[in-house]
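Before any comments, here is the structure.
The values are calculated or read from the model by the stated rules, or taken from the named source; none is laboratory data. These numbers were taken from a predicted model, which means no experiment stands behind them. All Cβ positions, glycine included, derive from the backbone under ideal geometry; neighbour counts span all protein chains shown. Areas reflect the complete protein model, heavy atoms only, side chains present, ligands, DNA and RNA absent. Shrake-Rupley method; radii C 1.70, N 1.55, O 1.52, S 1.80 Å.
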Amino acid sequence: MAQLVGEKTRKEIMDQPVTWRSIIGRLEGDLGSAADWLQKRAPETIVLTGCGSSYYLSLAAAAALRGMAGQPAQGVPASEVFLHPETTLPVTGRPLVIGVSRSGESSETVMALSYVRGKRLGTTAALSCHPESSLTHEADTAWLLPEAQEESVVMTKSFSGMLLFFDLLAAALGRQKAILDELASLPLLAEQLIARYEQMVVALASGRTIKRFVFLGSGPFYGLALEGMLKVKEQAIAWSEAYHFLEVRHGPKSIVDEETLVVAFVSPHAWRFEAGVLEELQGYGAKVLTLGADDEGGEWNVALPRGLSPFSRGLAVMPLVQLLGYHHSMAKGLNPDMPQHLTQVVKL
Ligand code: F1P
């Protein structure tokens, strides 16, 4: 049967709440073993590494480990690990280096773990959606999420599924019972948000005047802002950028105009600063979509329950962020299932 344009990607975006439910269900009993493994090794630092979406995921996962478990952690691009180890790996001590990869086959991620292992620079671990891969062979331990495997080139549910794994792990390590409960109710929240806001996303994404996208997010949201930027580029072949929220004021705002859509991952405690940034950008003609602004949110806002941790807020809105790129692609008459120049796995 002929496949509809964009069908694969759309299905995987929409499948996310169900996928998260099965990951949460399966890990409930098993998370302890990953947490025990980590606690036994008590790494001074964790270095998370990957390519593309998996690199952005590494940034978000490092923020989760630091924020929820107080575990020193950083996210770095995999190529930097073996090409510039002296400026990438911790100066002292033996880190735990976690390779993150949907396929387990991206060359740089495999090479990064192999480098660390070969030179005995630290312990290695892998998180992947595929059980047998070159990456898992380079890892002292492997965590696997077959539920999040994908057919599409563009990463959507594998991204959120792997980030959910790290959020659950960080919350377990940090004994953050309230956040673990929040994460357990994320699938329902995401379903509600998609049902309530997809049409708003369609309206914004299909607007003929939008040509540029600027994603803003600070702290735990920075990796997610980068991932939003990439989803627009890959699916819709559109100009798209991402910044730490207040950084956009220091130069990048020069490109903002009436053809720009600003997508803002809001941090409630920083809203008094962030609101000013958005007001300024609106003054240059930009449309603004806020993700999680309170009552003061403007015309386009995805409202989130008050009091949620930033980790739950970020994951809950990711399907809508991915849908923005998807619908912009469809509105331009492109096929999000066939991103220009891209393949599922990039091998050197
Ligand atoms: C990572 C990645 C994707 C990108 C493209 C090529 O793959 O760079 O982020 O969208 O499809 O692969 P992986 O290492 O997570 O399998």
Item to check | Within segment 107-156, tally of residues that are part of a strand (DSSP E or B), without any contact (Cβ under 8 Å) to a residue 60 or more places away in the chain and β-branched (Val, Ile, Thr) | outcome: 1
Checklist entry - Across segment 103-112, which residue is nearest to Phe159 (Cα to Cα) among those that are open to solvent by 10 Å² or more (accessible area, probe 1.4 Å) and within 7 Å of the ligand (Cβ to nearest atom)? => result Ser103
Item to check | Subset of segment 186-224 that is hydroxyl-bearing (Ser, Thr, Tyr) and modelled with pLDDT under 95 - its residue that is nearest to the chain's Cα centre (by Cα) | outcome: Ser206
Checklist entry - Can you name every residue in segment 181-211 that is in a loop (DSSP other than H, G, I, E, B) and out of contact with any strand residue (DSSP E or B) (no Cβ under 7 Å at 6 or more places or on another chain)? => result Ser185, Gly207, Arg208, Thr209
Item to check | Number of positions in segment 287-318 that are touching a Ser or Thr at 6+ places or on another chain (Cβ under 7 Å) and either part of a helix (DSSP H, G or I) or in the same structural domain as Phe159 (by TED's automatic domain parsing) (or both) | outcome: 3
Checklist entry - Looking at Leu216, Leu189, which one is more than 14 Å from Lys287 (Cβ to Cβ) and in contact with a helix residue (DSSP H, G or I) (Cβ under 6 Å, 6 or more places away or on another chain)? => result Leu189
Next on the checklist: Being touching a Ser or Thr at 6+ places or on another chain (Cβ under 7 Å) and open to solvent by 50 Å² or more (accessible area, probe 1.4 Å): is that true of His244 here?
Outcome noted: yes
Checklist outcome for this item: Just one listed residue, out of Glu227, Glu258, is in a loop (DSSP other than H, G, I, E, B), touching a Ser or Thr at 6+ places or on another chain (Cβ under 7 Å) and modelled with pLDDT of 95 or more, and it is Glu258
Next on the checklist: Within segment 1-88, considering only helices (runs of 4 or more DSSP H) that don't extend past its boundaries, which have at least 3 residues that are modelled with pLDDT under 95 and at negative phi?
Outcome noted: 16-41
Checklist entry - Of the residues that sit in segment 294-343 and are open to solvent by less than 70 Å² (accessible area, probe 1.4 Å) and of a type in the set (S, T, N, Q), which one is nearest to the ligand (Cβ to nearest atom)? => result Gln322
Next on the checklist: Just to be sure before I move on: is Gln282 touching a residue at least 24 places away in the same chain (Cβ under 8 Å) and either over 23 Å from Asp15 (Cα atoms) or open to solvent by less than 60 Å² (accessible area, probe 1.4 Å) (or both) in the structure I sent?
Outcome noted: no
